[in-house]
1. Kindly evaluate residue 226 against the criterion of being in contact with a Leu (Cβ under 7 Å, 6 or more places away or on another chain), free of Cβ contacts under 8 Å to residues at least 60 places away in the same chain and open to solvent by 10 Å² or more (accessible area, probe 1.4 Å).
2. Got a sec? Which of 281, 256 is open to solvent by 50 Å² or more (accessible area, probe 1.4 Å) and closer than 30 Å to residue 90 by Cβ?
3. If residue 329 meets every condition in (1) assigned to a loop (DSSP other than H, G, I, E, B); (2) modelled with pLDDT under 95 apart from one, which number is that one?
4. Identify the residue in the range 152-169 that is in contact with a helix residue (DSSP H, G or I) (Cβ under 7 Å, 6 or more places away or on another chain) and farther than 18 Å from residue 339 by Cα and, among all such residues, is surrounded by the fewest Cβ atoms within 10 Å (Cβ to Cβ).
5. Have a look at 209, 245, 219 and point out the one that is out of contact with any strand residue (DSSP E or B) (no Cβ under 6 Å at 6 or more places or on another chain), within 18 Å of residue 129 (Cβ to Cβ), open to solvent by 30 Å² or more (accessible area, probe 1.4 Å) and assigned to a loop (DSSP other than H, G, I, E, B).
6. Under 7 Å between Cβ atoms, which residue pairs at least 6 apart in sequence (or on different chains) link something in the range 169-183 that is more than 18 Å from residue 157 (Cβ to Cβ) and without any contact (Cβ under 8 Å) to a residue 60 or more places away in the chain with a partner that is hydroxyl-bearing (Ser, Thr, Tyr) and open to solvent by 10 Å² or more (accessible area, probe 1.4 Å)?
7. Just one of (1) part of a strand (DSSP E or B); (2) touching a helix residue (DSSP H, G or I) at 6+ places or on another chain (Cβ under 7 Å) trips up residue 300, so point out which.
8. Which of the residues spanning the range 96-130 are closer than 21 Å to residue 308 by Cα, among the small types (Gly, Ala, Ser) and buried (at least 19 other Cβ atoms within 10 Å of the Cβ)?
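The values are calculated or read from the model by the stated rules, or taken from the named source; none is laboratory data. Given the structure is predicted, the values throughout are model-derived calculations rather than measurements. When we count neighbours, we look across all protein chains shown, and the Cβ atoms used for this are built from the backbone with ideal geometry, even at glycine. When the accessible area is computed, the model is the full protein with side chains, heavy atoms only, and any ligands, DNA or RNA have been set aside. Shrake-Rupley method; radii C 1.70, N 1.55, O 1.52, S 1.80 Å.
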Amino acid sequence: MVALSDRLAERQCQDPKKSLREMSVRQMTKVTREDVFSAYRLFLGREPENEAAIQHFLGAPDLEALRKVFLTSAEFRNKIGKYGPIRGLPMTAPPLDVEVSSSPAVLARMVAKMAEYWERIGRQAPHWSVLVGDRFAPQNIEANLEAFFASAILDEQIILTCLARAGFKPSDFKTFVEFGCGVGRLTIRLASLFQLVKAIDISAPHLELAQNYCSKLNLSNVEFAQADSDELMPASGFDFWFSRLVLQHNPPPVSLEILKRAFRALSVGGVAMFQVPVYALGYRFNAEDYLEASPGKDMEMHFLPQKTILDAAELSGLRLLDLREDTWVIGGSAEWLSNSFVFLKTRPSDLEG
């Protein structure tokens, strides 16, 4: 019998759903929801169109078959045509020309500039700013609100599986800090996993929506705080610090300062888990140039050199437990690199407060 994955590859299907529909149900075994979300984001650069599509792909027999279905789809081939052949970052990629430290006054100016954008987008398109896609634009969000919140299943699974690989479970922690909570998409799920959740965001409109959603569900173990130029990381007394799809929108000196403050405040024995882009060919950052430029209409995308992160973690008494590439979360460019980090704090910080 010819393997299903081989038959899928031979068909070079035009529709990624078509080949799976033609397969016998009795030949199917389930893949996970995380696998399906990852395939959509990695190969197509978007979220699944609806719950029916997710359920459909859960019928794939294995990861190899799922991968080949997406690789041979017309949508994926059209996207790849825009970028040319798939390739990874060259081993000879040069160091980034990036300023990673600034004076308190310059940091405050950068944070204020960022806050201006997030306040505006928080009023205009809060859900879209969390998950960029037409389905979550203001005119469409009401019909897609359930799918918006359901998408946090992937984030929850990432947290749980990363913890499991490191030998932890949610009950090992007392206070979970979610840095960059947005409108509470993931916060609601965190409240059912951890004793206390401290949700932080820079945007007052986002926080207001998040509080409203949590109030409607009568969640009593969630506290909210707004980050600003005076208090960039407004939390203390926590043993789990988490951030995903957030640090990438901060200039490198701001991201590094956020991480340093989180590392310092994290309790010994606590865990820091976060995602941040660490490299892009041709990327450079200069604080003076950044502050002279007018605020853009689009979200900013920044990169923080990986060595800078590892150095700050070492000085803060953190030991690396897990490091995974996740470039798919920031787009399809083969010239970018994003990583997810998991650190354990083993001793008090050497960094000054």
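1. Answer is yes for this residue.
2. Numbers: 256 fails: open to solvent by 50 Å² or more (accessible area, probe 1.4 Å).
That would be 281, the only listed residue that is open to solvent by 50 Å² or more (accessible area, probe 1.4 Å) and closer than 30 Å to residue 90 by Cβ.
3. It fails just one condition, (1).
4. Looking at the filtered set, the residue picked out is 169.
5. The match here is 245.
6. From the range 169-183, the pairs are 183/213.
7. (1)
8. 102
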